[in-house]
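The values are calculated or read from the model by the stated rules, or taken from the named source; none is laboratory data. Computed from a predicted structure; not experimentally measured. Every residue, glycine among them, receives a Cβ derived from its backbone with ideal geometry; neighbour counts consider all protein chains shown.
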Amino acid sequence: MTIDGGVGPVPAVKLEGVGKRFGRTNALRGIDLEVWPGERLAVFGPNGSGKTTLLRILAGLTRPSQGSVSIDGLEYRNNGRSLRRRIGVVAHHPYLYEDLTAEENLQFYGRMFGLAEIQPRVDDVLRRVGMERRRRDRVRTLSRGMQQRLAIARAILHDPDLLLLDEPDTGLDQEMSARIGEFLEDERGRRRTVVLTTHNLRLGVEHCDRFMILARGRAAYQGRNDGRDLAQLEELYWRHGAAA
């Protein structure tokens, strides 16, 4: 990606001095971050460290109290509506209609996204998340893991440039968590930028290129994976995050 005028590559995500206050509480404090196109960033941190707030700001769902946020070189403050169409989000709530089938949910969102050919795209994302055989099941009959798969299908339906995953493996069994890892590996080949928050250090070390550890709203550590193993990441986490 280059800025209009061809002055060189720009980050897929750039935060400069981003802070967020809720009343007297500082949820985020002076976050600087760059994520380059095709990279996968894992954001770790204990509960209350600011992970979900960070993703909500990246998704355009809440505004920072200070600092600037840019996606592909475009600042949110002037381009919010167009940027949100280039982002897919998987949040704690699946945002699915329980009385519709899996397929009907995706068809509905396809119309919302203004897709030209909805059904081929629906078929493709159902295949990617392994739900072809459950396509006619109503959402209310699906397990938590199946609903999470469908939420991911919804998030990638419009082929976004940036995918935001907020603790996508929470509450899932080992088999479903493994499928999240498989999905991230598949994303590696598609060159989509991914920002993932998780408590699962193994998921991050095995499937992400870079790490950020948040502690009390601050970026306590940032770095590249560079072949670290789980034990090394655990040591970093306890030094910079959990013990902060």
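Looking across the range 53-70, the residues that are touching a strand residue (DSSP E or B) at 6+ places or on another chain (Cβ under 6 Å) and either in a strand (DSSP E or B) or closer than 21 Å to Gly38 by Cβ (or both) come down to Leu55, Leu58, Ala59, Gln66, Gly67, Ser68, Val69, Ser70.
Only one of the listed residues (Arg228, Arg216) is surrounded by fewer than 20 Cβ atoms within 10 Å (Cβ to Cβ), among the basic types (Lys, Arg) and either under 14 Å from the mean Cα position of the chain (by Cα) or at positive phi (or both). That residue is Arg216.
Among residues of the range 38-62 that are farther than 17 Å from Leu162 by Cβ and crowded, with 18+ Cβ neighbours inside 10 Å, those with a beta-carbon under 7 Å from a residue that is modelled with pLDDT of 95 or more and among the β-branched types (Val, Ile, Thr) at least six positions away or on a different chain give the pairs Phe44/Ile213; Gly45/Ile213.
Report, by residue number, each residue of the range 1-25 that is at pLDDT 55 or above, assigned to a loop (DSSP other than H, G, I, E, B) and more than 22 Å from the chain's Cα centre (by Cα). So that I can check it myself, show each step before the final result.
Start the filter on the range 1-25 by keeping residues that are at pLDDT 55 or above, which leaves 8-25.
Those still in the list that are assigned to a loop (DSSP other than H, G, I, E, B) too: 8, 10-12, 23-24.
Correct list: Gly8, Gly23, Arg24.
Note down all Cβ pairs under 9 Å where the first residue falls in the range 185-204 and is touching a residue at least 12 places away in the same chain (Cβ under 8 Å) and surrounded by 15 or more Cβ atoms within 10 Å (Cβ to Cβ), the second is among the acidic types (Asp, Glu) and in a strand (DSSP E or B), and they're at least six residues apart or on different chains. Sorted first by the residue in the range 185-204, then by its partner, the pairs are Leu196/Asp166; Thr197/Asp166; Thr198/Asp166.
Within the range 99-153, the set of residues being closer than 19 Å to Arg86 by Cα and either part of a loop (DSSP other than H, G, I, E, B) or aromatic (Phe, Trp, Tyr) (or both) comprises Phe108, Tyr109, Phe113, Gly114, Leu115, Ala116, Glu117. Within the group Arg154, Arg140, Arg192, Arg127, which residue is at pLDDT 95 or above, charged (D, E, K, R) and within 20 Å of Phe113 (Cα to Cα)? None of the other options fit; the residue is Arg154.
In the range 225-239, the residues that are within 19 Å of Ala215 (Cβ to Cβ) reach residues that are basic (Lys, Arg) and not in a helix (DSSP H, G or I) with C-beta atoms within less than 9 angstrom, at least six apart or across chains, in these pairs: Leu236/Arg228.
Screening Gln174 with (1) within 30 Å of Arg239 (Cα to Cα); (2) touching a residue at least 12 places away in the same chain (Cβ under 8 Å) gives one miss only, at (2).
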